[in-house]
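Here the structure is laid out as structure tokens; the discussion comes afterwards.
The values are calculated or read from the model by the stated rules, or taken from the named source; none is laboratory data. All figures in this text were calculated on a predicted structure; none of them were measured in a lab. We place every Cβ from the backbone using ideal geometry, glycine too, and count neighbours over all the protein chains shown. Note: areas computed on protein heavy atoms with side chains; ligands, DNA, RNA excluded. Shrake-Rupley method; radii C 1.70, N 1.55, O 1.52, S 1.80 Å.
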Amino acid sequence: MKNAKKIKINVHSLRSRIRIVILLLSVLLIATVEITMTRSIRNMAEQAMLSRMEGDINYIKDLIWQADHDRKTYSGNQDKPVAEDGDWSIQDGALFYGTILIGDGTEENAYLEPFQLMKGRTGSFSYTFVRCPDEGLTWAGDGKGGYQQGHYLRVAGSTLDSEGNTIIGTYIDKKVADIIEATGIYCGYANVVGEQVFCMYSPLTDQNGNRVGVIVVGRSVEVIEAQTRKTAGLLFWLIVVSVLLVDIVLNAFATRWIAKLDIANHYLMDISTGAFPRKPLDLHTRDELYVTAQCINEMTDALKEKERISGELEAAANIQRYMLPREFAENEAFGVNAFMYPAKEVGGDFYDFFMTDEDHLAVVIADVSGKGVPAAMFMAIAKMLIKNHAQMGLKPCEVFNRANALLCEGNETSIFVTAWMGVLDLRSGKLTYVNAGHNPPLIRLKDGGFDWLKSKPGMVLAAFDTVKYEQNELIMSPGDRLFLYTDGVTEAMDAENSLYGSKRLKDHLDVHGAEAPAQVLNGLKADIDSFAGGQEQFDDITMLMLDYREKAGEGGNCETAERDFPAAEAALQDAIGFAEETLAARQIPARILSRMLMAVEEIFTNIAKFAYPGGEGTVSLGICTEDKTVRMRFTDQGVPFDPTQAEDPDIDLPLEQRETGGLGIYLVKEIMDEVTYSRENGRNILQMTRKY
């Protein structure tokens, strides 16, 4: 649309060029037709001349016949006698017709009455030649002899020289004579007394069919030339008038055609500036311009559709961009960094993070199926529903249950959403999460590598309104890092259609996972681009990284103490002593202190006895106190065991009727306000909380 001037058609220049072409073609046509027709006219004039000369020959023969009163023969028309060819003969070198002397080569017998009458025939003349016999001929006319067989000597005629004398004694050119001998007749040009004439030679035969002479008639070439010029002149002006009429018609047609082209030109100019005409182009013609107009209309419809799609994609991109958080969270408790790299065709990826209350941070990542505005609108609705329900204080599984039911209502487009949501308790480090068919995140333990945070994925959102989602829990330690992403990361393709893949993703994070969050995300995108090798990105690439930080990991002012002990009963007193010293320093009331030490003893003893069967191990005890709240966390790498799942004993039964075991855990639950367990990356994590 920016290059409107480049497609402008200079109609006025085109009109001028067409007129010049028509003029040149007209001149060329006139010249070609004139030359061709002049030749044809000359040929026609020659044919007409031949017809006349044939009549001249018959005429002079009739005159000769009339002179021979003793021999009269009528052929065809009885009113027009014709001399018979068999009556011609040569006697003593002279040419006779019957008894009539035609010519003997002497001046006195060269201009007899038939030739005199022929002279009066306008524009024509005649003369006769006698053929030399086989023995040769000595002609009395000039006293010369030695004329050979095949020579034809003029003996009489109606042609006079400049002094008025009859021309005799000349002979026919040997080449012409040879043609007459071979074909019996010849027509062509000759020079007679300095004048170009057109001649017809007709043979004369005796009674035996032998050629004895030739009678020749001729007409001036000037007559032919004059007739040709006259006819050609008339034809020239006729051609000029015809060509001018054709030129006028062609110019009128060209003007009309160019006017239509000018309409198409302005139509294209409007399109090139983005102002699409309301009506289709109609040139009211059924020639090639009609086909062109149809093509332009199809192109216009395609451009309108492209413009519409472009507008939708731009609107979708704006929706997607404005719905995402514009500022990343960064404080002592946690840090969140996220990036979304949209594809050419905008999809429905989104991420979100927000506080559900002052102690809980929610992180969400999702991928909406489909492209364009529908996907962007559905993304906005899904994001709003998840956030609103999460900020109502609902559990993550309940958030997805309600959001799914609402998204299924009226979902005629069959769009669905894969989503992952986690809520982190900033005080305890407990992460409660739910997965709706999304890619499993990766978690990095402090000073360790990344591993998959796998759980049984639920059904995607907006598919079935009766789906119930299950949530999972884990305890994050300060310094742990959580990485969320969409399938645009793992499904990026190179030129050979190979996928970037989960393994490549994990390998990259293992190498660069300890870097600053923004550096990790940007580096990962650069690695994906390098892998793709310039191939077009077909899906949005979205990533989010959550850092759970140590200082504020327990609320911001939490005083933390942590120590590792051998997982053995011999280390029990050391563990109790560490706990007593730490809690006493926090000025915990004695009554609560003693009860909490009982809980420490019970949990440590269970770990020492059962966590590492047949082997040695360690147990870590961390204690945090803040805002009159004590949090104690036991961490070991022993066999998986969740004590919170043990059934509470029935303390109302007599001692002898109670089942063995379970009482210690029961007492711990009674002493502490909250006891939670999680299994994370091969670690058992038991966390206990008590207010005082």
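In table form, for the structure just shown:
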item	result
Residue within segment 352-361 that is of a type in the set (Ser, Thr, Tyr), assigned to a strand (DSSP E or B), assigned by TED's automatic domain parsing to the domain that holds PRO441 and touching a Pro at 6+ places or on another chain (Cβ under 8 Å) present	no
Residue tally, condition within 19 Å of LYS628 (Cα to Cα) and either touching a residue at least 24 places away in the same chain (Cβ under 8 Å) or touching an Asp or Glu at 6+ places or on another chain (Cβ under 9 Å) (or both), over segment 557-593	15
Matching residues in segment 40-86 - criterion: being modelled with pLDDT of 50 or more, open to solvent by 20 Å² or more (accessible area, probe 1.4 Å) and either more than 26 Å from VAL221 (Cα to Cα) or touching a His at 6+ places or on another chain (Cβ under 6 Å) (or both)	GLN66, ALA67, HIS69, GLU84, ASP85, GLY86
Condition broken by GLY523, with the remaining ones in (1) out of contact with any His (no Cβ under 8 Å at 6 or more places or on another chain); (2) outside any strand (DSSP E or B); (3) not hydroxyl-bearing (Ser, Thr, Tyr) satisfied	(1)
Any hit, segment 284-301, residues being at pLDDT 70 or above, surrounded by 17 or more Cβ atoms within 10 Å (Cβ to Cβ), among the aliphatic types (A, V, I, L, M) and touching a strand residue (DSSP E or B) at 6+ places or on another chain (Cβ under 6 Å)	no
Residue among ALA366, ALA390, ALA376 that is assigned by TED's automatic domain parsing to the domain that holds LEU426, in contact with a helix residue (DSSP H, G or I) (Cβ under 6 Å, 6 or more places away or on another chain) and modelled with pLDDT of 85 or more	ALA390
Tally of residues being in a loop (DSSP other than H, G, I, E, B) and charged (D, E, K, R) across segment 387-412	3
Residues of segment 675-692 classified as open to solvent by 30 Å² or more (accessible area, probe 1.4 Å) and at negative phi, total	7
Condition broken by ILE415, with the remaining ones in (1) part of a helix (DSSP H, G or I); (2) open to solvent by less than 20 Å² (accessible area, probe 1.4 Å); (3) modelled with pLDDT under 95 satisfied	(1)
Of all residues in segment 521-536 being touching a strand residue (DSSP E or B) at 6+ places or on another chain (Cβ under 7 Å) and touching a residue at least 40 places away in the same chain (Cβ under 8 Å), the one that is most open to solvent (accessible area, probe 1.4 Å)	GLN535
Breaking point among (1) surrounded by 21 or more Cβ atoms within 10 Å (Cβ to Cβ); (2) among the small types (Gly, Ala, Ser); (3) within 46 Å of the chain's Cα centre (by Cα), for GLY437	(1)
Residues within segment 450-474 that are under 19 Å from LEU544 (Cα atoms) and in contact with a Leu (Cβ under 8 Å, 6 or more places away or on another chain), tallied	5
Every residue from segment 358-387 that is under 21 Å from GLY458 (Cβ atoms) and more than 46 Å from the chain's Cα centre (by Cα)	ALA362
Meets criteria (in a helix (DSSP H, G or I), open to solvent by less than 70 Å² (accessible area, probe 1.4 Å), of a type outside the set (Lys, Arg) and touching a residue at least 40 places away in the same chain (Cβ under 8 Å)) for ALA376	yes
Some residue of segment 24-39 being touching an Asp or Glu at 6+ places or on another chain (Cβ under 8 Å) and modelled with pLDDT under 75	yes
LEU583 farther than 19 Å from TYR677 by Cβ and crowded, with 16+ Cβ neighbours inside 10 Å	yes
Filtered residues of segment 526-550 (kept if assigned to a helix (DSSP H, G or I) and touching a helix residue (DSSP H, G or I) at 6+ places or on another chain (Cβ under 6 Å))	ASP527
Meets criteria (closer than 21 Å to LEU546 by Cβ, touching a residue at least 12 places away in the same chain (Cβ under 8 Å), crowded, with 22+ Cβ neighbours inside 10 Å and in the same structural domain as HIS438 (by TED's automatic domain parsing)) for ALA329	no
Any hit, segment 472-488, residues being under 48 Å from the mean Cα position of the chain (by Cα) and open to solvent by 30 Å² or more (accessible area, probe 1.4 Å)	yes
Some residue of segment 123-139 being in contact with a Ser or Thr (Cβ under 7 Å, 6 or more places away or on another chain), at pLDDT below 70 and either closer than 12 Å to ILE64 by Cα or in a loop (DSSP other than H, G, I, E, B) (or both)	yes
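Yes/no matrix, rows are residues, columns are (1) out of contact with any Ser or Thr (no Cβ under 9 Å at 6 or more places or on another chain); (2) surrounded by fewer than 20 Cβ atoms within 10 Å (Cβ to Cβ); (3) among the small types (Gly, Ala, Ser):
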site	(1), (2), (3)
ALA575	yes, no, yes
PRO589	yes, yes, no
ARG595	yes, yes, no
GLU602	yes, yes, no
THR605	yes, yes, no
PRO613	yes, yes, no
SER620	no, yes, yes
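Let's see how each residue does on (1) in a strand (DSSP E or B); (2) not aromatic (Phe, Trp, Tyr):
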| residue | (1), (2) |
| --- | --- |
| ILE588 | no, yes |
| SER594 | no, yes |
| ALA599 | no, yes |
| PHE604 | no, no |
| LYS609 | no, yes |
| GLY614 | no, yes |
| VAL619 | yes, yes |
| CYS624 | yes, yes |
| ARG631 | yes, yes |
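Yes/no per residue for (1) buried (at least 17 other Cβ atoms within 10 Å of the Cβ); (2) at pLDDT below 80:
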residue: LYS174; (1), (2): no, yes
residue: THR183; (1), (2): no, no
residue: VAL217; (1), (2): yes, no
residue: GLU222; (1), (2): no, yes
residue: GLU225; (1), (2): no, yes
residue: THR255; (1), (2): no, yes
